[in-house]
1. Please work out how much length the chain gains when fully extended from residue B:43 to residue B:98, using 0.36 nm per residue of separation minus the C-alpha to C-alpha distance, in nm with one decimal.
2. May I ask you to compute the full-extension gain from residue A:147 to residue A:211, defined as 0.36 nm times their residue separation minus their alpha-carbon distance, rounded to one decimal in nm?
3. Scattering from the C-alpha atoms of chain B alone, worked out with Debye: what is log10 I(q)/I(0) at q = 0.17, 0.23 1/Å?
4. Find how many whole Å separate the alpha carbon centroid of segment B:19-68 from the alpha carbon centroid of segment A:51-101.
5. Using 0.36 nm per residue, how much length does the chain from residue A:178 to residue A:75 gain when fully extended, once their Cα-Cα distance is taken away?
6. Kindly state, to the nearest 0.05, the FRET efficiency for residue A:169 paired with residue B:62, given R0 = 56 Å and r defined as their beta-carbon distance.
7. Pull up the cross-link candidates among the lysines for residue A:178, meaning alpha carbon to alpha carbon under 22 Å and not fewer than 8 places away within one chain.
8. Under 19 Å between alpha carbons, and skipping anything fewer than 8 positions from residue A:80 in its own chain: which aspartates and glutamates qualify?
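Just so it is clear, none of the values below were taken in a lab; they were calculated from the coordinates. What you see is a predicted model, and the numbers here were worked out from it, not measured in a lab. FYI the Cβ positions are ideal-geometry reconstructions off the backbone, even for glycines, and counts take in every protein chain you see.
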Amino acid sequence: MTLRAAWLATGALACAVASAQNSGEARRSGFDTMSPRIQAMQRDDQQNPGMLWVADGEVLWNKIFGISFSCASCHGDAKKSMRGVAAHYPDWDPIEKKPVDLTQRINLCRTRHQLVLPLPPESEEMLGLEAYVANQSRGLPLAPSTAPELTAARERGRQLYEQRIGQLNLSCALCHDKLPGHVLAGATIPQGHVNGYPTYRLEWQGLGSLQRPRRLPVLGAGEQHDRRALRVERRAGARHERVARISSSAATAQGVCRVLITRIS
Amino acid sequence: MARTLIHAPKSARKGEVMEIRTLIAHPMETGYRAGADGRTLPRDIIRRFSCRYNGEVVFSADLYPAISANPYLAFNVVAEASGSMSFTWEGDNGFAQTESATLTVT
């Protein structure tokens, strides 16, 4: 069960040590709750399957897209130029006048400078590039952007994070701020930190970006959407407000919820 | 060509036990799962892995549908003589890939 619930980060940013917003506990990376075996697997680049995507990303970084540009043509050696970059996304884009995450940033670079079509999010190529860029920030603490324009989006994100939504009437905060460390359906609830994405999850048998756990329940209850949660989000125009405190989706299958309710009460 | 990650020492002392670790990108589709349209996805797995040391098979493994995607295999080999090691994965749909590494034994 531990194996199935494990995440193997390729970016593996360390979590900044500061008090978590609501629980008063020190901030802890999800890495801390993994079993020693899985931790060893993540640390070892020959065992961590996420490194397959990192290797693909390195090839893409140097591949010439469009007329004459590769990523490396402008950014040079990613090991130097991308050090610490992933740690401060999502960030404000002054041209688009909106917050962008790393996926969107890569695509903006493609459309603005390389003059090629954007890559679909969650495509193997995009995940590879993202994993390669994020891997350059390995071990660095998360350093959220200080752009003042992000304040409004952060506030919106906080509201969404705390808003009870969906059939099960759960908010992200209910589990990830109030009950981290507790066990739910065989999986340990992590604090809602976003370090370490894109991540290889053994249950997925593949790499996924931050959008994937947020869309789908992570509680080992299968891949059932909470459609209402999604609808509410869409109505709220929430696409870009994922900026602030993004976390695993609070949407769960009903069976799992029953477990949760039993444990709380 | 599937992406592989191979950890094999470049040099070793004679008689030394070396740990070899291999990882290959492969979906290992079981043949039992249904796709989005409800139809069973055809099986696509690696069926056999073998490691040859100077032409001689020193380790091999048969793989089955229960093995996860991107299979990781680690095994030990005793260093005997300088030469090459080749790693071969064979599977469904004519999948075949060989990677090699050189080894110096002192």
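1. Details: separation 55, 0.36 × 55 = 19.80 nm, distance 2.15 nm.
Fully extending the segment from residue B:43 to residue B:98 adds 17.7 nm.
2. Values: separation 64, 0.36 × 64 = 23.04 nm, distance 2.25 nm.
So the chain would gain 20.8 nm between residue A:147 and residue A:211.
3. At q = 0.17, 0.23 Å⁻¹ the computed log10 ratios are -0.77, -1.19.
4. 33 Å
5. Result for the pair: 32.9 nm of gain on full extension.
6. Details: r = 50 Å, r/R0 = 0.89.
Efficiency, rounded to the nearest 0.05: 0.65.
7. Partners found: none.
8. Residue A:80 reaches A:56, A:58, A:130.
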